[in-house]
1. Keeping to the stretch 79-113, report how many residues are in contact with a strand residue (DSSP E or B) (Cβ under 7 Å, 6 or more places away or on another chain) and of a type outside the set (A, V, I, L, M, F, W, C).
2. If you go through the stretch 219-239, how many residues are in contact with a strand residue (DSSP E or B) (Cβ under 8 Å, 6 or more places away or on another chain) and under 18 Å from Ser56 (Cβ atoms)?
3. Please tell me if Glu170 is part of a loop (DSSP other than H, G, I, E, B) and over 28 Å from Phe37 (Cβ atoms).
4. Within the stretch 45-75, count every residue that is closer than 17 Å to Gly116 by Cβ and assigned to a strand (DSSP E or B).
5. Can you spot a residue in the stretch 75-90 that is in contact with an Asp or Glu (Cβ under 9 Å, 6 or more places away or on another chain), of a type in the set (D, E, K, R) and at pLDDT below 95?
6. Of the residues Tyr95, Tyr7, Tyr30, which single one is surrounded by 13 or more Cβ atoms within 10 Å (Cβ to Cβ), over 16 Å from Ile113 (Cα atoms) and modelled with pLDDT under 85?
7. If the Cβ limit is 6 Å and pairs must be 6+ apart or interchain, which residue in the stretch 136-165 that is farther than 18 Å from Arg71 by Cα and surrounded by 23 or more Cβ atoms within 10 Å (Cβ to Cβ) pairs with which residue that is of a type in the set (Asp, Glu) and at pLDDT 95 or above?
8. How many residues, within the stretch 201-221, are assigned to a loop (DSSP other than H, G, I, E, B) and touching an Asp or Glu at 6+ places or on another chain (Cβ under 9 Å)?
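The values are calculated or read from the model by the stated rules, or taken from the named source; none is laboratory data. Here the structure is a predicted model, which means the values were calculated and not measured. Cβ atoms come from the backbone with ideal geometry, glycine included; neighbour counts cover every protein chain shown.
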Amino acid sequence: MAIPEFYQERIIGGAVATTSEYPYSAVVLYASNNVNFLPVCGGAILNNRSILTCLSCWNSPNNHVNQMRARVGSVNATAGGSLHVISRLIAHTNYDAWNQDNNIGILRVSSIINFGTNVRPIQIATSNYVLADSQPVWAIGWGRTTATSQNSEQLRAVQIRTINQARCQEAYGINFVTLNHLCSGWETGGRGSCLGDIGSPLIHNNILVGVTAYTFGCGDGNYPSVYIRVSRYATWIQNNA
């Protein structure tokens, strides 16, 4: 399975996190042989059967459902917590792979996700949630800590800030940053996402405000990371979770 490099995400400039800090975190794994499962995306637990993620994780998402797993309750990508078989992918019907608009999907697991100290559902931003520019937000995920390293085995988190929409459009072009997108980064660089862990949460005051969609470079101050703006999809999420 080929994953476009432009849309692969990693956490740069962050620190190792814990599941007690982010109990809603989920890592999505894939194995073409259904044996050697490796992390390809992140996600956020919505309830005891559903995980929110991005569609750009897979070139042909519905063809790979039986080769996916989701791990919750562990800081490690390939061990600990509980591992769940994915039974279904609910894809947003208006997903545009060209500009990553509506790049959002829900993974339905075949077994119940049991809640506890390290496993909890996330609260999502509602349609009237206001997120101003320059607000501190937290990006989490499993992925490279530098542009040339391997994926991190452990969950990492980094604090960044929301970026003005017009400035983000200047960086990527107006067609690639729509009203459904939210941009965040670090103006001086050195923090943020890098070139496989898309679908990971962006958190503001313990509320899910974004789902990592794409970026260019690794913690590049000139190119903020682009997220799906969760508040624009609150009703869709509630109806499909």
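1. Residues in the stretch 79-113 being in contact with a strand residue (DSSP E or B) (Cβ under 7 Å, 6 or more places away or on another chain) and of a type outside the set (A, V, I, L, M, F, W, C): 13 in total.
2. Total satisfying the criteria: 9.
3. When the stated conditions are applied, Glu170 does not pass them.
4. Residues in the stretch 45-75 being closer than 17 Å to Gly116 by Cβ and assigned to a strand (DSSP E or B): 5 in total.
5. No, every residue in the stretch 75-90 fails to be in contact with an Asp or Glu (Cβ under 9 Å, 6 or more places away or on another chain), of a type in the set (D, E, K, R) and at pLDDT below 95.
6. Tyr7
7. Thr162/Asp133
8. 2
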